[in-house]
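The values are calculated or read from the model by the stated rules, or taken from the named source; none is laboratory data. Here the structure is a predicted model, which is why all the values come from computation and not from measurement.
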Amino acid sequence: MICRKCGGPVSPDAEGMTKKMINRGETSFFCLPCLAEEFKCPVSLLEEKIEHFRAQGCTLFVRQPAEKGDN
């Protein structure tokens, strides 16, 4: 998936945050830097919010399985 603004890659978390902040039915997404620019906030704030929503059990932010070798 590519960012609708810059054409860069969009992570699953960035996809979830786009849906959370703009529209749950959204089909084109922002990468985190472009989403932060749209909302005039630092990327670090979006990352904090992602972890907050994940901890609350929001299904837009499903924890990704660890890759082999990650312990």
Go through segment 17-60 and count every residue that is part of a loop (DSSP other than H, G, I, E, B), small (Gly, Ala, Ser) and at negative phi. 2
In segment 30-56, the residues that are aromatic (Phe, Trp, Tyr) and within 9 Å of the chain's Cα centre (by Cα): PHE30
Quick check on my filter: what residues within segment 31-71 are aromatic (Phe, Trp, Tyr) and modelled with pLDDT under 95? PHE61
